[in-house]
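Report on one structure; see the data block that follows.
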Protein chains: 2
Amino acid sequence: MSESTVIDQLLAELGTGIVQLPSEFGTRQLHDWSGVPGETPVALIRPRTTEDVATALRICHAHAQPVVTQGGLTGLVGGANALGGEVALSLERMNRIVEIDRTSATMTVEAGVPLQAVQEAALDAGFYFPLDLGARGSCTIGGNLATNAGGNRVIKYGMMRDQVLGLEAVFANGEVASGMHKMIKNNSGYDLRHLLIGSEGTLGVITRAVLRLRPRPTAVATAWCALPDYDAVTTLLTCAQAELPAGVSAFEVMWAGYYDAVLANLPELRAPVGGRYPYYVLLESVGSDAGPHAAMFEAFLGRMLEEGVVVDAALAQSEADAIAFWTIRDAPGEYQKFIPHHSAFDVSFSISDVGEVAARCERGLLEKWPDALVMIYGHLGDGNLHIVVDIPGTEGRLHDEIDRVVYEVTQEFHGSVSAEHGIGVKKKAFLGHTRTRIEIAAMHQIKAALDPRGILNPGKIF
Amino acid sequence: MSESTVIDQLLAELGTGIVQLPSEFGTRQLHDWSGVPGETPVALIRPRTTEDVATALRICHAHAQPVVTQGGLTGLVGGANALGGEVALSLERMNRIVEIDRTSATMTVEAGVPLQAVQEAALDAGFYFPLDLGARGSCTIGGNLATNAGGNRVIKYGMMRDQVLGLEAVFANGEVASGMHKMIKNNSGYDLRHLLIGSEGTLGVITRAVLRLRPRPTAVATAWCALPDYDAVTTLLTCAQAELPAGVSAFEVMWAGYYDAVLANLPELRAPVGGRYPYYVLLESVGSDAGPHAAMFEAFLGRMLEEGVVVDAALAQSEADAIAFWTIRDAPGEYQKFIPHHSAFDVSFSISDVGEVAARCERGLLEKWPDALVMIYGHLGDGNLHIVVDIPGTEGRLHDEIDRVVYEVTQEFHGSVSAEHGIGVKKKAFLGHTRTRIEIAAMHQIKAALDPRGILNPGKIF
């Protein structure tokens, strides 16, 4: 069937209020934040209900029409970009918070609701929704689910998949799989929820979710620590996890090269401690009962200083102090100002390998490009490293070569080429560095079983 | 091909040390703890390595020979029973702890290692493996994975799937899918790990796993609480989760009928508080730094008593006290003594529905059978109820009718017919009470994709 027939039928069943042609959606943003260019979709569908999504997919399935589902378009791997010939399905209108159940500590939402709206509604109800990332104002719960988003507090609360009790999704043929349960435990057959989460829109379109809320922390303790060597970093992590009564909510490590570069290039940043050290850690613990919480955190930090695990430290005395520490950790948002053509990596490893991996990547890059700027930082508690590389004067022309250096080390250490961003199109070539041939074959078999015509987000992941 | 040809080939490639015929394995236990009878398998394979498992499945796949995988045979739904004509694959010899990585806080094990061996090895290494259930001495990690086992401390640490970073499994055709990673974050394609966990041996044979270890708690505070009504129970849960600095590690609710019956029938039990109340809660919080931990727990309990949420309470002053409280909660292990023909349920719900569900089940059962003994207890923090029913003089003849009463209420409240035990054969008829037709169809499609000849544990789940 021709494209126009599909679009005629979509228009006939859904109407012009829901289906728009390129001439109508005009200058709308069509690609994510990855820098991967996006094509203009043949039509844009903006459903209001799950039934609209089901109708759209039923028609597209009948015509073998490819569909790319879009949320906030804040992804970093091109997963939500149209590649050419797709209908785009934007869930932006399905943005309602349906219910907050205080006894069950759950929030039922449509997929298009922005993450920040969920965080704020949870706080208003006396709860906490722990997933957090820089794109919170624009990214949507549907996109967080499709990519299994991570962020800063995974060490305590887990990733997006750990925040979900129930899901509703529409399969490629338009059938609605409803599993909108509020149960924490449910061992009744295969866990389709975990299969859909992180499948980047290739197995179904997630339309609604039951999210799990957590008790709202009422106390937060934050410290900036300077450490003498990498062993001290892992010792601090192990001790903090074992000894801080409320556990660790963030353990962000910054290598000296990162710290030096951001302080040198972003004049608004203030150094929390004097002197220079090989490693810095932003340590945070959230809990309840502020008085004892702060006292126990300070006592722990004192022990670490006495034992020489930490050689200098600054304890946040106010929220402003804590924000100042986090601003150093969040400086990557400002890179564009001084290294607009940098390469960025989101890789993960066994925690015991992270120190050596970082050293190997740095050495490998500097051997090839002695003037390279290499900035390394990450969520050590999760084994997740972010590596930013810029080679002055090359203006991004060496991206592929830089990729090869970092991903070869990743493969050698059995790491993941994507800790939290997904594969999309940007990392497709490197999927085999992390997953085996047999695992990838199984993914193909599952894809063919659930989407036999291959209409859902074709060309992504594999 | 005939059975004897398959077995000849298994014997030829694996040898008599690994493949045994019924005449050789003799009086071996052949069924799980469910009471569902098991058939004698046509052969018993006891592999020593993943390669042995791969060889066995390759041969069985070629001959379309059904295979049932067995661990400790402690399941409660007949999931590991042979139904007739299967080869049994027991992983009992693959019981090694391969490695403990202290920096990454991981333990790498073979699937046949008993849960208790993992718990003990973790403690010896200064860590904690939090999954715990009554069958710990006999059940194996492979069985815990196949059924996504739960237990007492899910409220703090999650279920079995939350304790696993990497898996190795053999697919039906004998291909080995190796994902033995130690990464906490890995968003590289579909999460096959979560699909295999809880699939009850129908999608692959799990041979090894990388388990996540937790910091060893060094302090434990336990209280026995009496409560005036169900609202007080949910209030205590919400407050304990928000206010106890280390959170809640167990929140076990017992309805009056449960408490009265076990105290009347098991003379070795001692009542922790005087008087009778509608609800009892065993509240536990594990943490570090015993002094402040105990003080904050006691202060919390004091507030709950002042506010009338708790009307009487006993705080464990010693490990012996705590054990005495847990003995009342663990009395189900002793039911056989006084109600050998009881029906038992493992159902879950939205936490906000649990009170009404329990009342509805009790009323429904007593309307039909006025002299029924109905005992209700459960892990409220997980929405998980256990219901035990005995109708004097019927000697188990009414099991099916009792099932219908409880599972109809379960369906009406969108609950799960299996919170933590799995479906196996015992709950197959009720899978559709929890999962929709479209979800079950998707399970069939996935099963057909990964096991096209249907050799893995046929007749289970659906």
| task | Give me a count of the residues in region B:334-380 that are under 22 Å from B:Trp33 (Cα atoms) and within 11 Å of another protein chain (Cβ to nearest Cβ). | result | 5
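Going through A:Glu92, A:Glu3, A:Glu86, A:Glu24 one at a time, which residue ends up being under 25 Å from the mean Cα position of the chain (by Cα) and either at pLDDT below 95 or closer than 25 Å to A:Ala448 by Cβ (or both)?
Criteria check complete, one pass: A:Glu86.
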| said: So in region A:381-404, with the set limited to residues that are in contact with a Leu (Cβ under 8 Å, 6 or more places away or on another chain) and surrounded by 22 or more Cβ atoms within 10 Å (Cβ to Cβ), which one is nearest to the other protein chains (Cβ to nearest Cβ)? | reply: A:Gly381
| query | Pairs under 6 Å by beta carbon, first residue away from chain A (no Cβ under 11 Å) in region B:278-299, partner assigned to a helix (DSSP H, G or I) and open to solvent by less than 40 Å² (accessible area, probe 1.4 Å), six or more apart or different chains? | reply | B:Pro278/B:Ala256; B:Tyr279/B:Val233; B:Tyr280/B:Tyr259; B:Leu282/B:Phe325; B:Leu282/B:Arg329
| message | I'd like the full set of residues that are part of a helix (DSSP H, G or I) and either open to solvent by 50 Å² or more (accessible area, probe 1.4 Å) or touching a His at 6+ places or on another chain (Cβ under 6 Å) (or both), limited to region B:44-62. | response | B:Glu51, B:Arg58, B:Ala62
| task | Within region A:408-439, work out how many residues are more than 7 Å from chain B (Cβ to nearest Cβ) and either among the β-branched types (Val, Ile, Thr) or open to solvent by 50 Å² or more (accessible area, probe 1.4 Å) (or both). | result | 10
| message | Anything in region B:152-170 that is more than 7 Å from every other protein chain (Cβ to nearest Cβ) and either of a type outside the set (D, E, K, R) or touching a Phe, Trp or Tyr at 6+ places or on another chain (Cβ under 8 Å) (or both)? List them, or say none. | response | B:Asn152, B:Ile155, B:Tyr157, B:Gly158, B:Met160, B:Gln163, B:Val164, B:Leu165, B:Gly166, B:Leu167, B:Ala169, B:Val170
| Mind checking which pairs have a first residue in region A:118-138 that is farther than 13 Å from A:Asn152 by Cβ and a second that is part of a helix (DSSP H, G or I), Cβ under 6 Å, 6 or more apart or different chains? | A:Tyr128/A:Ala122; A:Phe129/A:Val118; A:Phe129/A:Gln119; A:Phe129/A:Ala122; A:Gly137/A:Gln116
| field | Residue list for region A:274-286, restricted to those being open to solvent by 30 Å² or more (accessible area, probe 1.4 Å) and not in a loop (DSSP other than H, G, I, E, B) | value | A:Tyr279
| In region B:75-107, how many residues are part of a loop (DSSP other than H, G, I, E, B), farther than 30 Å from B:Arg216 by Cβ and out of contact with any Lys or Arg (no Cβ under 8 Å at 6 or more places or on another chain)? | 7
| remark: Exactly one of B:Asp312, B:Asp346, B:Asp353, B:Asp321 is open to solvent by 20 Å² or more (accessible area, probe 1.4 Å) and outside the structural domain of B:Tyr279 (by TED's automatic domain parsing), and that one is B:Asp353
| query | List, please: which pairs have Cβ atoms under 6 Å, are six or more places apart or on different chains, and start with a residue in region A:359-374 that is within 13 Å of A:Ile402 (Cβ to Cβ) and open to solvent by 70 Å² or more (accessible area, probe 1.4 Å) and end with one that is modelled with pLDDT of 95 or more and hydroxyl-bearing (Ser, Thr, Tyr)? | reply | none
| All but one of (1) at pLDDT below 95; (2) outside any loop (DSSP other than H, G, I, E, B); (3) under 19 Å from the mean Cα position of the chain (by Cα) hold for A:Gly35; which doesn't? | (2)
| field | Filter result for the condition that a residue is touching a residue at least 24 places away in the same chain (Cβ under 8 Å) and in contact with a strand residue (DSSP E or B) (Cβ under 8 Å, 6 or more places away or on another chain), over B:Ala331, B:Ala344, B:Ala324 | value | B:Ala344
| remark: Subset of region B:303-316, residues more than 14 Å from every other protein chain (Cβ to nearest Cβ), farther than 30 Å from B:Tyr335 by Cα and outside any loop (DSSP other than H, G, I, E, B), comes to B:Met304, B:Leu305, B:Glu306
| task | Say whether the condition of being of a type in the set (A, V, I, L, M, F, W, C), crowded, with 24+ Cβ neighbours inside 10 Å and closer than 26 Å to B:Asp132 by Cβ is met by at least one residue in region B:168-177. | result | yes
| task | Can you give me the ranges of the helices (runs of 4 or more DSSP H) entirely in region A:180-273 with at least 2 residues that are over 25 Å from the mean Cα position of the chain (by Cα) and surrounded by 21 or more Cβ atoms within 10 Å (Cβ to Cβ)? | result | A:230-243
| field | Subset of region A:92-151 [more than 22 Å from A:Val286 (Cα to Cα), open to solvent by less than 30 Å² (accessible area, probe 1.4 Å) and acidic (Asp, Glu)] | value | A:Asp101, A:Glu110
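Would region A:205-212 turn up any residue that is of a type in the set (Lys, Arg) and over 22 Å from A:Phe462 (Cβ atoms)?
Yes; the residues of region A:205-212 include at least one that is of a type in the set (Lys, Arg) and over 22 Å from A:Phe462 (Cβ atoms).
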| Does A:Phe297 satisfy the condition of being in the same structural domain as A:Val262 (by TED's automatic domain parsing), of a type in the set (Phe, Trp, Tyr) and open to solvent by less than 10 Å² (accessible area, probe 1.4 Å)? | yes
| request: Would you be able to say whether some residue in region A:171-181 is within 7 Å of chain B (Cβ to nearest Cβ), touching a residue at least 12 places away in the same chain (Cβ under 8 Å) and closer than 21 Å to B:Val347 by Cα? | output: yes
| message | Scan region A:128-148 and tell me whether some residue there is more than 14 Å from chain B (Cβ to nearest Cβ), of a type in the set (Lys, Arg) and under 26 Å from A:His31 (Cβ atoms). | response | yes
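Can you tell me which residue within region B:8-32, out of those that are part of a helix (DSSP H, G or I) and in contact (Cβ under 8 Å) with a residue 40 or more places away in the chain, is nearest to B:Val67 (Cα to Cα)?
Taking the candidates together, the pick is B:Leu10.
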| field | Residue, farthest from the other protein chains (Cβ to nearest Cβ), within region A:440-457, restricted to residues that are touching a residue at least 60 places away in the same chain (Cβ under 8 Å) and crowded, with 18+ Cβ neighbours inside 10 Å | value | A:Ile455
| Looking at (1) open to solvent by 10 Å² or more (accessible area, probe 1.4 Å); (2) not assigned by TED's automatic domain parsing to the domain that holds A:Val164, can you tell me which one A:Val77 breaks? | (1)
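The values are calculated or read from the model by the stated rules, or taken from the named source; none is laboratory data. Since the structure is predicted, the reported quantities are computational estimates derived from the model, not experimental observations. When we count neighbours, we look across all protein chains shown, and the Cβ atoms used for this are built from the backbone with ideal geometry, even at glycine. Just the protein is used for accessible areas: all its heavy atoms, side chains included, with ligands, DNA and RNA removed. Shrake-Rupley method; radii C 1.70, N 1.55, O 1.52, S 1.80 Å.
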